[in-house]
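Dropping a structure here in structure tokens format, bear with me for questions.
Please treat every number below as a calculation from the coordinates, not as lab data. Just so you know, these numbers come straight off a predicted model, no measurement behind them. A quick note on method: Cβ atoms are made from the backbone with ideal geometry, for glycine too, and the neighbour counts reach across all protein chains shown.
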Amino acid sequence: MSSYRLMAVHAHPDDESSKGAATMAKYAAEGNDVLVVTLTGGERGDILNPAMDVEGVRDRMPEVRREEMAAAAATLGVRQTWLGFVDSGLPQGDPLPPLPEGCFAVEPLEVPTEALVREIRAFRPHVMITYDENGGYPHPDHIRCHEVSMAAFEAAADPEAFPDAGEPWQISKVYYTHGFIRKRLELFSEAMEAAGKTNPFAAWLDRWKTEQGDLMARVTTQVECAEYFPHRDKALIAHATQIDPNGNFFAVPLEMQQRVWPTEEFELAKTTVRTKIPESDLFAGLDGEVEL
């Protein structure tokens with residue numbers, strides 16, 4: 001049994017349950033220490049589940065989202081902490097309106113970077129999970145999450161950077177999560193149609209511009225974690241204001257998902273240890289090479 005430390009950096013509560021959740025649950029169950037760092041409180045999130053759009057929810061959204069996050073973390077078997085920044089919301093319109101004053105995405109980069117460096121130096125993760133340069137999708141907080149994560153990766157190991165934020169710590173590996181894999185949706189679509197079920201992804205795949213390429217080309221690491229898909233789904237459902245249990249997240253039967261695509265996908269973005277690509281383990285290359 002390994003005993004490594006894994007930090008997952010996410011923009012909002014619920015992101016941790018839709019991006020690498022089964023992998024985190026697997027590693028936690030195997031005895032590793034897993035910490036989710038949530039950068040914002042998700043205060044500006046809409047209520048996306050009609051069953052939760054009731055009196056007493058919208059007017060206490062910050063508290064509700066903290067309660068949901070606690071339930072999701074318990075389901076995944078991970079620890080979780082808040083960095084304390086304010087959700088920027090997803091601007092709509094043409095032209096887009098300015099982001100709200102004081103929100104996470106307009107904070108000077110060094111402010112959230114120092115806060116994350118403090119968490120890194122306290123927890124001392126061997127591996128960090130975050131988003132790529134596009135944020136997974138172009139939400140301003142997701143893009144900022146990438147920028148902050150990569151700046152903190154560099155700064156945490158530098159004794160001259162933020163000297164009051166703890167003793168320097170070198171993270172060995174940084175990964176981007178990749179969930180929007182076209183081939184995955186195609187295989188699910190084929191399996192659903194073969195089973196005589198409605199294909200929930202047909203319109204989505206029709207709109208997908210193949211010339212944009214598929215993120216699978218960037219994937220370096222696939223972690224087999226189908227056993228923990230039920231933990232992922234239960235954690236998603238815990239975010240009741242954000243996740244409709246009748247939505248597309250759950251359209252493909254669990255058994256079919258486990259059989260057709262039993263992995264979660266990651267891209268190795270930074271490493272200080274030797275490893276061989278492709279990988280099947282986020283901790284590959286760490287054995288005997290890192291301080292526990």
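If you place +1 on the Cβ of every Lys and Arg and -1 on the Cβ of every Asp and Glu, how big does the dipole about the Cα centre of the chain come out, in debye to the nearest 20? Intermediate results must be reported in sequence, preceding the final value.
Values: 27 positive and 48 negative charges, 126 e Å.
So the magnitude is around 600 debye.
Using helices alone, what [θ] at 222 nm do you get for the chain, with -39,500 (n - 2.57) per DSSP H run of 4 or more residues, divided over all residues and rounded to the nearest 500?
Only helices count here, giving -10000 deg cm²/dmol.
Now for a separate question. I need Ile129, Ile143 ordered by Cβ neighbour count within 10 Å, fewest first.
Ile143, Ile129
Placing +1 on the Cβ of each Lys and Arg and -1 on the Cβ of each Asp and Glu in the chain, which of Leu236, Ala194, Ala72 has its Cα farthest towards the positive end of the resulting dipole?
Positive-most Cα among the choices belongs to Ala194.
Taking a cut-off of 15 Å between Cα atoms, list the aspartates and glutamates near Lys197, but don't count ones fewer than 8 places away on the same chain.
The qualifying aspartates and glutamates are Glu186, Glu255.
In addition: Excluding residues fewer than 8 places away in the same chain, name every one of the lysines whose C-alpha is closer than 17 Å to that of Lys234.
Reachable lysines: Lys19, Lys26.
Right, here's the next one. To make sure I understand, if each residue's beta carbon is the centre and we count other beta carbons within 10 Å, what order do Leu116, Leu268 fall in, fewest to most?
Leu268, Leu116
I want the local charge near Arg118. Using Cβ-Cβ distances under 13 Å, sum +1 for each Lys or Arg and -1 for each Asp or Glu among the other residues.
For residues surrounding Arg118, the net value is -3.
Would you look at the GNM of the chain, springs on alpha carbons closer than 10 Å, and say which of Gly102, Gly20, Gly135 moves the most?
Of Gly102, Gly20, Gly135, the most mobile in the Gaussian network model is Gly102.
Turning to a different aspect of this structure: Using the Kirkwood radius over C-alpha pairs as Rh, can you work out the diffusion coefficient of the chain via Stokes-Einstein at 37 °C, viscosity 0.692 mPa s, in µm² per second? Please list the in-between numbers first.
Numbers: Rh = 19.8 Å.
In µm²/s, the coefficient rounds to 165.
Please list, in chain and number order, the residues 5+ apart from Gly41 or on another chain whose amide H is under 5 Å from its amide H, with Hs placed from the backbone.
Those lying under 5 Å, H to H, from Gly41 are Phe85, Asp87.
I'd like to know which of Tyr175, Gly93, Pro138 lies farthest towards the positive end of the charge dipole of the chain, counting +1 on Cβ of Lys and Arg and -1 on Cβ of Asp and Glu.
Tyr175
Using Cα positions and a limit of under 16 Å, work out the lysines in reach of Lys270, with same-chain residues fewer than 8 apart set aside.
Lys173
Also, quick follow-up: Of Val219, Val37, how do they rank once you tally other Cβ atoms within 10 Å and put the fewest first?
Numbers: Val219 20, Val37 25.
Fewest-to-most Cβ neighbours within 10 Å comes out as Val219, Val37.
Between Pro200, Pro108, Pro138, find the one with the highest GNM mean-square fluctuation for the chain; connect C-alpha pairs within less than 10 Å.
Fluctuation is largest for Pro108.
Between Glu43, Glu160, Glu227, find the one with the highest GNM mean-square fluctuation for the chain; connect C-alpha pairs within less than 10 Å.
Greatest mean-square fluctuation among the candidates belongs to Glu160.
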